[in-house]
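Only one structure is covered here, and it is reproduced in the block below.
We did not get these values from a lab; they are worked out from the coordinates using the rules stated. As the structure is a prediction and not an experimental result, all values here were calculated from the model. Here the Cβ positions follow ideal geometry from the backbone for every residue, glycine too, while neighbour counts run over all protein chains shown.
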Amino acid sequence: MARDAGRPLRADAQRNRDRILAAAVRVFTEEGLDAHFERIAREAGVGTGTLYRNFPTREALIEAAYRNEVAQLCDAVPGLLAAMPPHEALRAWTRRFIDYATAKFGMADALRAVVASGANPYAGSHEMIQAGLSSLMEAGTAAGTIRSDISAADMFAALAGIALTSAGPGQREQAERLLDLTLDGLKPVPLRLPED
């Protein structure tokens, strides 16, 4: 029996759910569609009954795991901006974006299966990520550490390109170099005075 979605979870039940989702991302990334619920439950430290109560189908688990990754990425923005200067917050967030993209890349077959079943795990994710990135870019622009002529949509396109080419296993160093190159391009250009 699936849980009542309208009722908030107890703290221990929420911890179990969070552990299940984190384990599901790891296992689906490693094993794709061949991932077994038993392994996910074991890695999460819960029984299979607990897993099935929360996620009665493979598709429900995959979709929830993916949506949880998006939520964690986006929910990190306010904390990063509160803890560090905007340009550092953006730098830290882009690393999290690559972590998210790597998980998404690893779960590609599982996510395709969810889409084939008629669900849309991606609904709203682009808008959520774009909103988080916009907050970071606006804070950097206001602080004078990011050029004002680069939009969040431009930055998202650059990040998507980096993720597409460098989010696979063993490509983290390349992704880091490309992120640094992209972030360096956001720095304001000093005003040059005409020479006499």
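Observations on the structure shown:
- Largest first, the extents of the alpha carbon coordinates of region 80-166 on the three principal axes equal 46, 24, 20 Å.
- The chain: angle of helix 86-106 to the longest principal axis, Cα-based, in degrees nearest 10: 40 degrees
- Region 11-56: translational diffusion in µm²/s, Stokes-Einstein, Kirkwood Rh over Cα pairs, 10 °C, 1.306 mPa s: 155 µm²/s
- Rounded to 0.05, the FRET efficiency of the Gln171 and Thr57 pair, given R0 = 41 Å and the Cβ-Cβ distance, is 0.80.
- Degrees, to the nearest 10: 152-166 long Cα axis against longest axis of the chain: 60 degrees
- For region 19-89, the Rg and Dmax computed from alpha carbons only, in angstrom: 15.0, 45
- Distance between the C-alpha centres of region 64-129 and region 158-176: 14 Å, rounded to the whole angstrom.
- Orientation-averaged projected area, Cα convex hull of the chain (nm²): 13.5 nm²
- With Cα atoms, 0 to 90° folded angle of helix 172-184 axis to the chain main axis: 40 degrees
- Under 15 Å, Cβ to Cβ, from Arg42 - net charge with Lys/Arg +1 and Asp/Glu -1: -1
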